[in-house]
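Quick note: the coordinates plus some simple rules give every number you see, no bench work behind them. Here the structure is a predicted model, which means the values were calculated and not measured. Here the Cβ positions follow ideal geometry from the backbone for every residue, glycine too, while neighbour counts run over all protein chains shown.
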Ligand code: HDD
Ligand code: HEM
Ligand code: HEM
């Protein structure tokens with residue numbers, strides 16, 4: 001493995017790990033706020049129980065999100081110092097704003113988690129709203145930085161150095177709107193379906209449990225609108241890619257030659273040797289229409305750039321197919337659930353739908369990982385589209401395979417632990433779950449020599 | 001004086017304030033982890049519970065100071081960030097491993113409900129990484145101040161160890177690491193005396209620990225000074241010769257003695273104030289020592305600064321952010337850090353999830 005490949009792999013692995021927790025950090029706070037709000041409105045204690053459960057899940061996940069995010073902020077420099085030296089002044093603005101979103105989130109998460117009995121119910125709900133807001137804003141700001149990498153603006157190049165820098169340009173890159181919208185919906189859809197799937201599974205075992213029925217309802221209220229909108233926003237994103245990064249579009253569609261009336265290819269295998277995509281289901285003129293809303297429009301193919309500058313086409317194409325397929329499945333399940341809800345039929349009593357929801361549980365996360373592969377691998381060989389090559393940005397330190405393997409092991413280990421802890425959370429039956437770590441800890445302390453109650 | 005207030009200097013100062021806050025709050029969290037490792041005596045488990053209670057609600061917020069410093073550094077001084085992350089790749093990566101293990105182990109430990117061997121093992125991971133991480137943080141600070149980063153950056157032809165290991169492993173730099181460790185332990189013990197308010201035996205436990213740590217701080221400071229004379233003569237030069245050095249060291253000394261006197265006379269809140277002042281002065285001393293460089297021997301603050309537009313925009317974000325966030329932070333601290341103390345909160349169990 002070359003050092004460049006090791007650096008790219010480490011970056012991809014760290015981001016791929018972080019994004020899972022980041023999405024949960026965006027979605028779960030919204031769920032717990034909705035549940036707590038329902039509790040205040042209806043007085044149903046089960047909603048409160050739900051809010052507390054989700055809050056506890058958030059504690060664990062947030063910690064992993066925070067530390068893996070910290071790793072990323074330094075890793076950008078550890079692995080690609082050339083990129084940070086080049087781009088720091090230009091993507092600094094979204095990252096600084098993101099820093100404040102983190103602060104907001106971190107502060108009010110502390111208030112929320114530990115403040116159940118210390119502040120008024122309204123103030124508590126308010127703290128939850130700020131946590132949810134901080135989460136969305138963090139996601140939006142950091143994706144802005146990425147949008148700038150895809151469609152850089154706000155500077156001029158003179159002798160290989162950027163000059164005339166506009167520090168606010170990164171907030172206005174053409175790719176900002178489609179990418180941030182798409183990412184935010186992805187977070188809501190993925191978390192919502194993930195949670196819905198778990199409770200659907202519990203309902204399949206015993207559909208009478210009030211707790212799981214309410215949980216399913218709240219989760220779907222968040223997931224359904226997001227999942228229905230996602231393919232539309234995805235199309236919006238694709239049209240921006242067609243404008244700003246035609247070679248990425250060519251890679252994700254497996255379009256090797258420049259042609260008018262390009263077909264939409266569903267599935268298939270892009271053969272880099274023969275420069276053609278084989279075994280795809282082709283819809284004539286489909287790609288031209290989707291990209292430019294004109295079935296006759298010319299779509300530029302990979303033949304426009306030297307062979308050495310092609311991204312790994314099969315990876316990008318297949319990742320794209322996976323995202324789109326999962327996206328349509330999720331939108332379909334969302335519409336199905338909405339249809340039942342509109343007719344006031346309990347979702348919990350349709351076993352087929354429950355199974356469909358169980359199947360959808362991991363799909364948002366898989367689609368998101370695939371989407372990022374499309375965005376990032378599809379941009380190669382550039383780290384900043386058309387301006388800075390990844391190979392020129394990598395650190396000179398040799399032996400990068402060692403940190404890559406080290407961090408991979410660390411993250412695999414953490415994933416196993418998180419899954420184990422969350423399983424214990426989910427499977428604990430609602431009634432007996434009230435004991436908390438601190439309570440047992442304090443009791444243990446007393447029996448081992450501490451003071452008795454009230455010391 | 002006016003030429004000190006340039007835009008780059010102001011942003012460098014903002015980074016420093018952020019680091020100072022990280023050391024004051026996050027550093028104390030690390031130190032508390034060390035005391036978790038060293039918990040001894042009849043009240044051992046009780047000490048650990050107090051520590052967990054004291055860190056619980058605020059470690060996330062405390063941690064963001066570090067992220068903020070990193071972010072402002074790479075936006076406003078990109079070449080400095082690139083040089084640091086390149087030359088200090090190894091210690092920074094190790095530090096990240098420590099940060100990951102500590103944050104997650106702390107939460108895993110408190111999320112786990114059983115008090116069994118598994119949970120104790122998380123406790124061990126948490127406390128060991130609380131030792132390991134500040135050591136590396138100190139090493140990085142020492143490597144910057146001693147000019148080791150700049151020297152490494154010139155060794156483009158050197159072997160892997162020659163460029164990426166040897167420069168930051170000089171005895172002086174390792175001494176700075178140990179000093180940082182002692183300092184955080186001291187800070188944490190002092191804070192914990194206040195957290196234990198309402199329970200005298202526990203307070204006494206931490207008072208003794210604070211005094212012990214104070215001795216360690218002095219020992220490490222003396223040792224580093226000697227080591228710097230032997231191994232990094234350039235370092236002592238600035239330590240002794242810069243016009244700020246003497247008054248600043250005098251003030252630091254006064255704060256240190258004040259903290260110890262307050263501990264001896266059991267004025268714990270005064271001790272907390274004095275210890276905080278002492279540590280802040282050390283951070284500022286470190287910075288004034290390298291000023292006007294950002295990486296001594298390689299880059300000055302001026303040379304490394306981003307264009308004025310970026311600096312100005314960042315400054316505005318920082319100002320607006322401060323207006324929103326400082327009251328929020330004060331609110332968090334008021335809820336959890338005023339009365340009742342962490343000890344009294346042990347009784348208030350249902351307050352938590
Ligand atoms: C729940 C997750 C999810 C789902 C169901 C979809 N996507 Fe997606 N997609 C993402 C999650 C995602 C993502 C992970 O969030 C990406 C990566 C970068 C970004 O901004 O969003 C992404 C990127 C991304 C890009 C590349 C943007 C760029 O490089 O600038 C395109 C063209 C699409 N998507 C198109 C679609 C289409 C046509 C979908 C139809 C169903 C679709 N996505 C469903
Ligand atoms: C280069 C990329 C990234 C960097 C440098 C980065 C950095 C960070 C950092 C430092 C934190 C911790 C903040 C804290 O201490 O609370 C964090 C958390 C978070 N990040 Fe990222 N991040 C990156 C990518 C992303 C992406 C793509 C998203 C998109 C949605 C995202 C969303 C979040 C969210 C929502 C949180 C807070 C919630 C949580 O911790 O669970 N991040 N990130
Ligand atoms: C969290 C969601 C993200 C995921 C899953 C992700 C995924 C990836 C992947 C797969 C690569 C490797 C591409 C390759 O080398 O073939 C990569 C590279 C990279 N990503 Fe991302 N990315 C994400 C968000 C971001 C964001 C928000 C930023 C910056 C602000 C960013 C900056 C980079 C950089 C600098 C590289 C290395 C250079 C390059 O390969 O282009 N990524 N990422």
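In table form, for the structure just shown:
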| read-out | value |
| --- | --- |
| Order by protection proxy (mean Cβ within 10 Å, highest first), peptides B:77-83, A:32-38 | B:77-83, A:32-38 |
| For the stretch A:4-74, diffusion coefficient by Stokes-Einstein and Kirkwood Rh (Cα), 20 °C, 1.002 mPa s, µm²/s | 159 |
| Computed label-point distance, nm, for sites residue A:258 and residue A:157 using a 7 Å Cα→Cβ extension | 2.0 |
| The stretch A:319-395 - convex hull of the alpha-carbon atoms, volume per residue in Å³ | 105 |
| Euclidean distance of C-alpha centroids, the stretch A:320-349 and the stretch A:279-297, integer Å | 27 |
| The stretch A:70-167: projected area of the alpha-carbon convex hull, averaged over directions, in nm² | 7.2 |
| In degrees, nearest ten, helix A:210-244 long axis to first principal axis of chain A (Cα) | 10 |
| Cα-Cα P(r), chain A, percent of pairs per 20 Å interval | 23, 52, 23, 2, 0 |
| Rounded FRET efficiency, nearest 0.05, which uses the C-beta distance separating residue B:156 from residue A:307 and R0 of 30 Å | 0.40 |
| Average beta-carbon neighbours from other chains, 10 Å sphere, peptide A:41-54 | 0 |
| Pairwise centroid distance, computed over Cα atoms, of the stretch B:182-225 with the stretch A:1-48, Å | 38 |
| Largest-first principal axis extents, alpha carbons of the stretch B:19-171, Å | 55, 30, 22 |
| Residues B:195, A:276 arranged by fewest to most Cβ contacts within 10 Å | A:276, B:195 |
| Rg in Å to one decimal, and Dmax rounded to a whole Å, for the protein assembly as shown via C-alpha atoms | 27.6, 87 |
| Degrees separating the helix A:3-42 axis from the principal Cα axis of chain A, which is the longest one | 40 |
| Label-to-label distance, nm, for residues given as residue B:261 and residue B:7 (7 Å Cα→Cβ offset) | 4.6 |
| Average partner coverage of B:91-101, which counts Cβ from other chains inside 10 Å | 5 |
| Whole-angstrom Cα spans of chain B along principal axes, big to small | 57, 45, 41 |
| Residues A:158, B:102, sorted so that the one with the fewest Cβ neighbours within 10 Å comes first | A:158, B:102 |
| Neighbour-count order for A:17, A:62, fewest beta carbons within 10 angstrom listed first | A:17, A:62 |
| Helix A:363-377 axis, angle to chain A major axis (alpha carbon atoms, nearest 10°) | 30 |
